[in-house]
1. Going residue by residue through the range 98-117, is there one that turns out to be away from ligand 2 (no atom under 16 Å from the Cβ), among the hydrophobic types (A, V, I, L, M, F, W, C), open to solvent by 20 Å² or more (accessible area, probe 1.4 Å) and within 21 Å of PHE188 (Cα to Cα)?
2. How many residues does the range 39-64 hold that are open to solvent by 20 Å² or more (accessible area, probe 1.4 Å) and in a helix (DSSP H, G or I)?
3. Which of (1) in contact with a helix residue (DSSP H, G or I) (Cβ under 8 Å, 6 or more places away or on another chain); (2) over 17 Å from ALA222 (Cβ atoms) does ARG15 not meet, given it meets every other one?
4. For the range 150-172, which positions are within 11 Å of ligand 2 (Cβ to nearest atom) and either modelled with pLDDT of 95 or more or hydrophobic (A, V, I, L, M, F, W, C) (or both)?
5. Does ASP68 satisfy the condition of being over 18 Å from the mean Cα position of the chain (by Cα), more than 15 Å from ALA257 (Cα to Cα) and open to solvent by 70 Å² or more (accessible area, probe 1.4 Å)?
6. Name the single residue that is nearest to ligand 2 (Cβ to nearest atom) among those in the range 137-149 being open to solvent by 70 Å² or more (accessible area, probe 1.4 Å) and either under 18 Å from GLY189 (Cα atoms) or modelled with pLDDT of 90 or more (or both).
7. Among the residues of the range 187-217, count how many are in contact (Cβ under 8 Å) with a residue 60 or more places away in the chain, surrounded by fewer than 22 Cβ atoms within 10 Å (Cβ to Cβ) and part of a loop (DSSP other than H, G, I, E, B).
8. What number of residues within the range 65-95 are among the polar types (S, T, N, Q) and in a helix (DSSP H, G or I)?
Amino acid sequence: MLAELSPELIVEVQRAAILLQTASKVCILTGAGVSAESGIPTFRDKQTGLWEQYRAEDMASPDAFERDPQLVWSWYQWRRQLVYGTAPNPAHHALAEWQQNAEASKPPQTQQQITLITQNVDDLHEQAGSSVTHLHGNLWRNRCNNCDAPYDNEFESSNVIHKKVSFDDKLIHCSHCDGYIRPDIVWFGESLPVKAWQIAESAAANCEVFISIGTSSLVYPAAGLAQLAQQNGATVIEINPNPTPNTMVDITLAAPAGVVMPLLVKQVTNK
Ligand code: NAD
Ligand code: ZN
């Protein structure tokens with residue numbers, strides 16, 4: 001695997017690993033890029049087929065749903081089909097192994113605390129066995145756009161255990177108020193779930209190392225977490241084959257997460 005990386009990058013991975021070995025608190029933020037190698041397109045990728053003419057950013061908003069609920073609902077049903085049946089890649093697995101390894105170490109006071117936060121709405125971290133905080137909701141859940149009542153439709157919470165899956169794109173009405181049912185996702189311009197954001201802020205402010213994996217660092221407030229970490233003395237590591245123009249990053253690992261993460265975790269855990 002090392003052969004896939006340039007000598008410069010290998011040195012940077014080693015630098016990151018040494019830092020991580022001694023850190024007692026690590027905060028990790030993942031974005032769409034961590035799931036790209038599982039076959040889930042990021043928002044910066046051009047859309048395919050029927051949806052080629054639309055920009056993802058223009059669909060994932062309350063205004064878009066207000067304007068044309070049918071179009072947005074159909075788009076999400078299509079995205080659900082894209083995501084359905086995808087599996088975690090080596091990056092998800094490495095992160096889960098690292099967390100599990102830390103939780104198993106003894107005595108408990110010496111355990112490394114690894115808080116995993118994601119902007120993703122897929123459940124590939126869970127499928128790999130991680131415990132993760134979702135900042136932007138869950139693709140497999142729905143709620144009423146009007147009264148917020150959860151809509152218990154055919155989707156089960158995890159991809160692994162889907163029992164009845166419907167990709168029907170007919171709009172659904174809420175049984176309480178007749179409003180439209182929408183995916184339980186935080187759209188552009190909407191506020192983040194309070195509890196999830198508190199967990200993220202506290203983990204970022206208190207960590208010694210902050211790792212940003214596969215995010216374009218454009219979507220706030222999540223993008224501000226790295227800044228918060230650095231202001232509080234943390235070292236910031238970025239893993240992205242197309243590093244973001246982000247001057248605050250201390251270590252850049254410019255390669256796909258599925259290549260870098262297994263290598264990094266192997267070195268951090270000495271396994
Ligand atoms: P983004 O689409 O804006 O950016 C993705 C980033 O990942 C880019 O910087 C790209 O260079 C990088 N990348 C691509 N392949 C990679 C790889 N193999 N390894 C590491 N990095 C890689 O995504 P974002 O920053 O997460 O923000 C956009 C919003 O889109 C988020 O709110 C998120 O909820 C949503 N989204 C989620 C999913 C998902 O759940 N899988 C997919 C698309 C978009
Ligand atoms: Zn309702």
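1. Here is the first cut: in the range 98-117, the residues away from ligand 2 (no atom under 16 Å from the Cβ) are 98-117.
This time we only want the ones that are among the hydrophobic types (A, V, I, L, M, F, W, C), so: 98, 102, 104, 114, 116-117.
Restricting the remaining residues to those that are open to solvent by 20 Å² or more (accessible area, probe 1.4 Å) gives 104, 114.
Still in the running and within 21 Å of PHE188 (Cα to Cα): none.
So far as the range 98-117 goes, no, none of its residues is away from ligand 2 (no atom under 16 Å from the Cβ), among the hydrophobic types (A, V, I, L, M, F, W, C), open to solvent by 20 Å² or more (accessible area, probe 1.4 Å) and within 21 Å of PHE188 (Cα to Cα).
2. 7
3. (1)
4. Just the residues of the range 150-172 that are within 11 Å of ligand 2 (Cβ to nearest atom), to begin with: 150-151, 172.
Across the range 150-172, the qualifying residue is only ILE172.
5. Working: over 18 Å from the mean Cα position of the chain (by Cα): yes; more than 15 Å from ALA257 (Cα to Cα): yes; open to solvent by 70 Å² or more (accessible area, probe 1.4 Å): no.
Considered against the rule, which asks whether it is over 18 Å from the mean Cα position of the chain (by Cα), more than 15 Å from ALA257 (Cα to Cα) and open to solvent by 70 Å² or more (accessible area, probe 1.4 Å), ASP68 comes out as no.
6. Of the range 137-149, the ones open to solvent by 70 Å² or more (accessible area, probe 1.4 Å) are 141, 146, 148.
Cutting the leftovers down to either under 18 Å from GLY189 (Cα atoms) or modelled with pLDDT of 90 or more (or both) gives us 146, 148.
Values: ASN146: 5, ASP148: 7 Å.
Per the stated criteria, the residue is ASN146.
7. Here the count works out to 6.
8. Of the residues in the range 65-95, the ones among the polar types (S, T, N, Q) are 70, 74, 77, 81, 86, 89.
The next check asks that each one be in a helix (DSSP H, G or I); those that pass are 70, 74, 77, 81.
Final tally of qualifying residues: 4.
The values are calculated or read from the model by the stated rules, or taken from the named source; none is laboratory data. All figures in this text were calculated on a predicted structure; none of them were measured in a lab. Note that we place each Cβ from the backbone using ideal geometry, even for glycine, and neighbour counts take in every protein chain shown. Quick note on the areas: whole protein, heavy atoms, side chains included, nothing else; ligands and nucleic acids left out. Shrake-Rupley method; radii C 1.70, N 1.55, O 1.52, S 1.80 Å.
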